[in-house]
Structures are given as C-alpha cells and as structure tokens.
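Before I ask anything, let me first share the structure, which is written out below as structure tokens.
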Amino acid sequence: MTDHQQPLAADAAIEALARQGITHAFGVPGTTTMHLLDAMTRQDAVRWISTRHEQTAGHMADGFARGAGRPAVCMASRGPGAANLVIAMHNAFAESVPVLAVIGQVDDEIVLRESFEELDMVDLFRPVTKWALEVHDHNRVPELVARAAHATTAGRRRPVMVSLPLDVQTRELPEPAFREAFEVPLPRPAPESLDRAAEVLSRARRPLIIVGGGAEHAGAQAAVARLAEALDAPVAGTWLRKSAFPDTHAAFVGCLGFGALPATETAFREADVVLALGARFAQFTTRRYTLPSPDCAVIQVDVDPEELGRVYPPVVAVLGDARHAAEGLADRVTGSEERAGRVAGLRADYLTESILPPAPEAQHGVSSAAVVSALARARDAHDPIIVSDAPTFAGWMQRYLRVTRPGSFLGNAGGAMGWGLPAALGAKLARPDEPVICVSGDGSFWMVAQDLETAVREDIPVVVVITNNFAYGNTRDRQRTAHGGRYIGVHYDNPDFAAYAELCGALGIRVERDEDAGEAIDRALRSGRPAVVDVIQDRDEGLPPGVLPPGRS
Ligand SMILES: Cc1ncc(C[n+]2csc(CCOP(=O)(O)OP(=O)(O)O)c2C)c(N)n1
Ligand SMILES: [Mg+2]
C-alpha cells in the first residue's frame, strides 16, 4: 500500500503512459525515479523491466517499438543515468523509431546550484529527440506526459524526452485530468502530385524505385509490387532495410548501401528517374552522394515535409505515406517493353551476383559464407526475425541473405555497436510468438553482454549468433586499406562466450567448424532459452570478397 494519502503526480505520469498505450518500460532505477517505479507497483498496464545499463534499456525500447509498431518507454535517473541513455536515443533518432525517454530530474527546489548529479536534460537530449521537455507544474504532468508519448508517433516517428523533477513527481494530484489517446493519420498524397509523378515516371527510360524504412513502416510491399509491375521498373531497398520489399519479386534488384552488389548500384547510377518511397538518400545508400547522376530526376514521397528535398531537390515532392502513394501511382503509370527488358536484365545480374561465394578451402575457424548458409537454413526452418548488429558481417547479410517477409529483418543503420542484443530482446517482447536471432560482432556483443542476465531473468529467449573474429574488424579493415596495415588497437582477446552464457544461466554453444554452424543455431532456437552461439572465426575474417571498408579511401 501507498504510504501517502493521495495519489501523486508520479502516479498520474504512469497512468498517462498507460492511457497512451505504453505497455513496456525499461530502465535502471535511481533516486529520482523511485516514485515512478513505486507507482508502477499499483497498476499492471505497464510492465517494468530492469536492465543492467541505461544504454540497453534504450535499445530494448527501440527494438520493442520496431517489433510492435508502437512506442515503448525507457527510464533513467538524472545526470549519469540519463547520459547513459543518450547513445540509444541517438540511434533511435537516426532510425526514426518512436521511443519515449522518461527522466527523473533534480528537485526544482535546488536546481541550478550544481546539485548532486545535476545536468540539464533538455539541453542534453535536444539533438537526439524531436521534442525534449521538462515539466515544472505538477498539475500539467498528465497532459504533458501524454503529449510526449503521443509525439513519438505523430508525423515522422522519432524519440521524445520528458524530464520530471523529483519534487514535481511527489506533489499530490488527487484529480488528474487525463487526455484521450488518439492517432494522427499519415498524410495522404494529393492526387495532383501523383498525376505529375506518374507522368514523369511513365516517360522515363531507366526508372528506379527505392523503398526505405518509411515504405516498410507503411506496409507498402504489395502496393510497390503492383507499381513495379505496372511501370516495368526495378525496385531497390535502402541500406539494411532488407525486409522492405520481398527478395523473391521479379523486379527486386537488391539493397543499396554498404556492401551493395554491382547490379543494384548500376540500377541507381544509370537511372534517369528515381522514385524514393519513404527513403532519405542516406550517405551509404547513395555511396556518399555519388550514385545518382546529376541529370537524374528525383520524385520523393515522404510523410515528413522536412525530409522532402533535404538532399536532392525533387522534380515532384509528394507529401504522404508510401503505401497510398504507390497505390495511386500504380493506377496512373503506363508500362513499356523496353523497360521490362531492362528490369529482367538487372534482375538476372542481381540473382547471379547474390549467389553466396563458396567458403575458402584453407582457413581457420568458421567462414562467413557458412554463417550465411546457417542463417538461411534457420530462416527456412523457423521464419525468425533476424536482428543485425554485426558491423562487418552485415555486409554478408546485405548481399547474400535473401529476406522476404515484411518486418522480419531489423538492421542497425544507426551505427551504435551493441544495439543488437537489447534490440532483439525488445523485439522478442513485442512479438513473443516469433523466434528472434540476433547476429552480433564480438566487439559489439561485449559492449552489452551484461544484459544476457536480463534475458535470463525475464525469460526472453533470443538467440545471439556472435561472429567472433577477436577484433574490431570494421576498424581493422580500414587500417588495412587506408593506413598501410599499421594495426593499432583493433585486436584483443575474448573470454569464452559460450561459457559466459552458461554462467549467466543461458545456453552456450561454441562453433569451430563450418559444418556445425547450422545445427548449432537450430539447437539454440529449439531450446526455447536465451542462447549464445559463439562462432569462432579467423582473426582476419572480414568483408565479402571485393568489398572495401566504407570511407574516403
Ligand atoms: C558505440 C560505438 N563505438 C565505436 C564504433 C566504431 N566502430 C564501428 S564498427 C567497430 C568494430 C566492431 O567490432 P565487432 O563488433 O567485433 O564487429 P566486426 O567488425 O569485427 O565484425 C567500431 C569500433 C561504433 N560504431 N559504435
Ligand atoms: Mg569482431
């Protein structure tokens, strides 16, 4: 029972979250969040999960939001706790994921005296959120907490931070005024803009449709397929958005971005018209802004007006969601035999280039090719969600792992090492009936390995496949190609990760030979337990043949 007479503003904050549809909150407790946690004991709408670091709490909320399609909360206590969260919020911001950070702040009564762990939250989070706010009037807690949660999904999805000073939380609020939750529909594309876009597309000789995360979020797969067929145009995904369009479709020519195949880049380089559906022309997708030719006409469809023309001024800018835009365009465009022939040629090249190269005969440890085969086997047998944290191995999946089901591949284009394990845990909580495999580099896994304990304690059975090359491989490869092979600070030793997993109470399997990888992943998935498959690779194991590290060199 509560030891105070009246409900507090902290209780109202938790109820406001629940009323906005929040079901999961992740975090590390601290002095300034004790009342918020206490309020959670008096309700059961929001499940609290303690993590072993605020970074993982943020990434878990991110993985949950991506898996569920609705926001989750991460919570931290003032200065140090909040600072630990920033990396996760940055990643979610870069990836347009709706995460709400709730921070307990120093009391208003003593703020601005450099009090214990004091740090300006609004300043700290401003660059990594679409809205950062602090509430100073306890009467406004229900309103502003609800608006903060709502803002994560209204318009372009992005993180929001709300800071609640401790003495605001602990004021009595017997009759809070709650807001009703409501959804903001995505903007529908204006028919005139679709008319103009269809005209340009129908006249194009070498069009390319690029589908990004916005298209996947809008559920545009079927509509884009119909458009590609009506227009006779190839379709490319953006970097690591592998499940935005089915690999099996005859118009699909691969994903752009780091590790892209020549056929995919050719489709972009030669295009006279590009239709970008929920895609933002990112650095890797455009090969550092070198792929589109200067005369290429861009038609851009996005729900965020600020994204339209940010990189390339479009000939037609369409404010609206990708699914309705693709549907409207499919009804308007005309096909062409010449273009159909080009699509068939690019597709044939893509299919040839995306055949997995054979594993090298003489090599230490497990080849990356064998890991791709093992993942493909697991995909066929278990239809899992594959979560990619693996910096260097991501290039292998980008090229050679075929993905079809929407929402079945979550890639980390935000860049933060260590996103994978916690994001996989969040995704598993969001979609408990689907198996989840996280593929992580050894360096990345070890940055967040402590949260294997969270997986065991909270019974979240994900399988982590570690491509273990005992190196910051991505960085090592840059030293090889751009710094004359003068290696510094990129090689290290690892503990036995399978033994570590067992110590945490998870299943641990060590794999040392190509032929054992598939069986190990299968066994881990069938165990129904949190599991680590430690795939021992050569110290020089790295990128697919012919792929150079990204960068200027
Ligand atoms: C938090 C963070 N720190 C540093 C980097 C820079 N960085 C990118 S990849 C990488 C090495 C990754 O090593 P590992 O996870 O073992 O994957 P590998 O490249 O060996 O497959 C580093 C240090 C980063 N992206 N994120
Ligand atoms: Mg490594």
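Would you mind calculating the relative contact order of the stretch 411-463 from Cα pairs under 8 angstrom and at least 6 residues apart, reporting the percent as a whole number?
Details: 51 pairs, mean separation 23.3, N = 53.
Over the stretch 411-463, the number comes to 44 percent.
Still on this structure, please answer the following. Compute the acute angle (0 to 90°) between the alpha-carbon long axis of helix 322-332 and the principal axis of greatest extent of the alpha-carbon atoms of the chain; round to the nearest 10°.
Orientation of helix 322-332: about 40 degrees from the principal axis.
Given charges of +1 on the Cβ of Lys and Arg and -1 on the Cβ of Asp and Glu, with all other atoms neutral, how large is the dipole of the stretch 300-380 about its Cα centre, in debye to the nearest 20?
Value, rounded to 20: 220 debye.
Under 1.5 on a/c is rounded, so check that first for the stretch 300-459, then, if it is not, pick prolate when a/b is larger than b/c and oblate when it is not; a ≥ b ≥ c are the square roots of the alpha carbon gyration tensor eigenvalues.
Working: a/c = 2.14, a/b = 1.41, b/c = 1.52.
Oblate, since a/c reaches 1.5 and b/c is not below a/b.
Please arrange 445, 268 by how many other C-beta atoms lie within 10 Å of their C-beta, fewest to most. Please list the in-between numbers first.
Working: 445 28, 268 22.
Ranked by crowding around the Cβ, least crowded first: 268, 445.
Sort 452, 166, 548 so that the residue with the fewest other Cβ atoms within 10 Å of its own Cβ comes first and the one with the most comes last.
548, 166, 452
Can you put 454, 23 in order of Cβ neighbours within 10 angstrom, beginning with the fewest?
Details: 454 24, 23 17.
With the sparsest Cβ surroundings first, the list reads 23, 454.
Continuing with the same structure: Loop only per DSSP, at most 15 neighbouring Cβ atoms within 10 Å: give me the chymotrypsin sites (Phe, Trp or Tyr not before Pro) in the stretch 58-153, ordered by residue number. Spell out each step's value before the answer.
Values: sites: 64, 93, 116, 125, 131; in loops: 116.
Sparse-neighbourhood loop chymotrypsin sites (Phe, Trp or Tyr not before Pro): 116.
Using only Cα atoms and rounding to the nearest 10 degrees, what angle (0 to 90) does helix 517-527 make with the longest principal axis of the chain?
40
Hey, another quick one. Taking the alpha-carbon centroid of each part, what is the distance from the stretch 29-78 to the stretch 411-487 in angstrom?
Cα centroid of the stretch 29-78 versus Cα centroid of the stretch 411-487: 21 Å apart.
Same structure again: Highest mean first, how do 321-327, 181-187, 397-403, 273-279 rank when packing is the count of other Cβ atoms within 10 Å averaged over residues? Mind showing how you got there, number by number?
Numbers: 321-327: 25.6, 181-187: 11.9, 397-403: 22.9, 273-279: 29.0.
Those peptides, ordered most packed to least, come out 273-279, 321-327, 397-403, 181-187.
Let me ask something else. Is it possible to state the helix-based mean residue ellipticity at 222 nm for the chain, with each DSSP H run of 4+ residues giving -39500 (n - 2.57), the sum divided by total residues, to the nearest 500 deg cm²/dmol? What is it? Intermediate values should be presented prior to the final figure.
Details: 21 runs with 210 residues, N = 553.
Helices in the chain give a 222 nm mean residue ellipticity of -11000 deg cm²/dmol.
Below 8 Å between Cα atoms, with a sequence gap of 6+, how large is the relative contact order for the chain in percent? If you can, show how the numbers build up before the last one.
Numbers: 1284 pairs, mean separation 74.7, N = 553.
So the answer I get is 14 percent.
Please go through the stretch 514-553 and write out the GluC sites (Glu not before Pro) that DSSP classes as loop and that have at most 13 other C-beta atoms within 10 Å. Mind showing how you got there, number by number?
Details: sites: 515, 519, 541; in loops: 541.
Filter output for the stretch 514-553: empty list.
Quick check for me: using +1 on Lys/Arg Cβ and -1 on Asp/Glu Cβ, what's the dipole size of the stretch 113-234 about its Cα centre, in debye to the nearest 20? It would help to have the intermediate numbers written out before the result.
Numbers: 16 positive and 19 negative charges, 168 e Å.
The dipole of the stretch 113-234 has a size of about 800 debye.
Given 124, 68, 98, which one lies farthest toward the positive end of the charge dipole of the stretch 41-133, if we put +1 on the Cβ of every Lys and Arg and -1 on the Cβ of every Asp and Glu?
Projecting each Cα onto the dipole axis, the largest value belongs to 68.
What is the packing order of peptides 226-238, 192-204, 303-315, 476-488, taking the mean over residues of other C-beta atoms within 10 Å and listing the highest first? Could you put the intermediate results ahead of the total?
Working: 226-238: 25.3, 192-204: 18.5, 303-315: 15.6, 476-488: 13.8.
Taking the mean over residues of other Cβ atoms within 10 Å, the ranking is 226-238, 192-204, 303-315, 476-488.
I need the shape label for the stretch 223-329. Rule: rounded when a/c is under 1.5, else prolate if a/b > b/c, else oblate, with a, b, c from the alpha carbon gyration tensor.
Rounded, because the longest to shortest axis ratio a/c is under 1.5.
Taken together, the values in this text are just the output of simple stated rules run on the coordinates, not laboratory data. The shown structure was predicted, so the numbers you read here are calculated from the model rather than taken from an experiment. Quick reminder, even Gly has a Cβ in these numbers, built from the backbone with ideal geometry, and neighbours come from all protein chains shown.
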